[in-house]
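So the structure is just underneath, and the comments pick up after that.
Coordinate-derived values only; no laboratory data. Being a predicted model, the structure only gives us computed values, none of them experimental. All Cβ positions, even for glycine, are placed from backbone atoms using ideal geometry, and neighbour counts span all protein chains on display.
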Amino acid sequence: MNTLVYGSRSIDLAHLPKAHGESVFEGSYRSDASDFVVTEDLGFEPEGTGPHIWALIRKTGISTEEASSRLAQASKTSRKDLGYAGKKDTKAIATQWISLPETALIEEGPIDETLEVLRLTKNQRKLKIGQLAGNQFQLRLHGLVIEDINARIQAIAEQGVPNYFGLQRFGRSGSNLEAARRLARRDPQGRRRLHPKDGMAASAARSAGFNAILAERLTTNRWLEVSVGDVVSLAGRGSHFAVSETELASVCERIRAGELDPTAPMAGRQTKTSVEQADFESSILQTDPELYAWMRGVFRDEDRRAVRILPQQLEAEVSGNTLELSFWLPKGSFATALLNELGNLQEAHARSAS
């Protein structure tokens, strides 16, 4: 049974509508950790002084959680005292910052064959989730160009891609989404306070609803359309506002220019948008009544998320059967959403969705 569904709609990237048409490249990615290189961009430099040690680490083929655990053990500190800005891909070579308390016993150099400390500095505060600007990606894909790859890259650079959540959000074999369904069956109205350990499940449920709404926007040719009262966000940033009648024309122009993006909800009881937009969105969310009722109980307020991401510094080079990609994405977005717009790509070490 396929667990990656919201109502009757698959929310797996491979089955979601695309913005730019049919495949131009077919093949695989992430055959080896070196094919998927991620470099975290905090958007600022650590202060250099303070009670917290900040370590720039490079991990290969392990999760951020595993890297943190190994770092805590090596530095003789408690895992709970470490902080990071975001989780990076496991099957990858990823460079990111991790903060430790000043009592940590740590030096630059390798911890083991999968983990290395590249740089040490200090900062006044512990590193927190979300405290980053984005990530730089260098990817190697193996396969075959079947249409005009340069035209597709240009279209993506100019118009962006749908800001779908990737498989990582839903867990291996859809385990996070299935955990949300178990919680919903035990507490159908979402009256119980959410335990911290259930956070990933709740996030998966909201993400599934978001993917379903975004897919419907693509299907009905309203991906980047807005009306009076709709909520839009500043591109690459979290701030958003409702569109007034006097602003509508300029907002549409700014969306075409990539300065603003329409938004869709991460579900909650209280909406932040117009009645018309809220009615459209709730009609999609209600197609999965089990998750919809539970999410409205658990979350008082909805959050708004941009329906588009515009990659920066996007470059592509084809050599034989290899496609090299380099690009920067803002925090919270998924590289696989961009890959989905190139074509039918299979992850060499794919998570099962059934």
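Which one of Ala201, Ser233, Ser244 has its Cα pushed farthest toward the positive end of the charge dipole of the range 195-250, where Lys and Arg give +1 and Asp and Glu give -1 at the Cβ?
Of Ala201, Ser233, Ser244, it is Ala201.
Please list, in chain and number order, the residues 5+ apart from Lys126 or on another chain whose amide H is under 5 Å from its amide H, with Hs placed from the backbone.
Close amide H contacts, sequence-distant or interchain: none at all.
How much length would be gained if the chain were fully extended between Asp303 and Glu259, taking 0.36 nm per residue of separation minus their Cα-Cα distance, in nm to one decimal?
Between Asp303 and Glu259, full extension yields an extra 13.9 nm.
Search the structure for amide H atoms under 5 Å from the amide H of Gln346, placed 1.01 Å from N in the peptide plane, and list their residues when 5 or more places away or on another chain.
The answer is Gly27, Ser28, Tyr29.
Which whole-number percent is the relative contact order of the range 44-131 (Cα, under 8 Å, 6+ apart)?
47 percent
In the chain, which whole DSSP H runs stretch at least 18 Å along their own axis (Cα) and average -1.0 or higher on the Kyte-Doolittle scale?
Flagged H segments are 199-219.
What 222 nm value per residue comes from the helices of the chain, counting each DSSP H run with n ≥ 4 as -39,500 (n - 2.57) and dividing by all residues, nearest 500 deg cm²/dmol?
Dividing the helical sum by the residues of the chain leaves -8000 deg cm²/dmol.
Arrange the following residues from fewest to most other Cβ atoms within 10 Å of their Cβ: Asp12, Asp303.
Asp303, Asp12
Using DSSP to call loops (not H, G, I, E or B), can you name the trypsin sites (Lys or Arg not before Pro) in the range 170-219 whose Cβ has at most 14 other Cβ atoms within 10 angstrom?
Sites meeting the loop and neighbour criteria: Arg191, Arg192, Arg193.
List every residue whose amide H lies under 5 Å from the amide H of Ile309, counting only residues 5 or more places away in sequence or on a different chain, with H placed 1.01 Å from N in the peptide plane.
HN-HN under 5 Å from Ile309: Val161, Asn163.
Which of the trypsin sites (Lys or Arg not before Pro) found in the range 96-129 are in a DSSP loop and have at most 12 neighbouring Cβ atoms, other than their own, within 10 Å?
Taking the range 96-129 and a limit of 12 other Cβ atoms within 10 Å, the loop trypsin sites (Lys or Arg not before Pro) found are Lys128.
Test of the criteria: in the range 207-302, which GluC sites (Glu not before Pro) are in a DSSP loop and have at most 10 other Cβ atoms within 10 angstrom of their Cβ?
Answer by residue number: Glu245.
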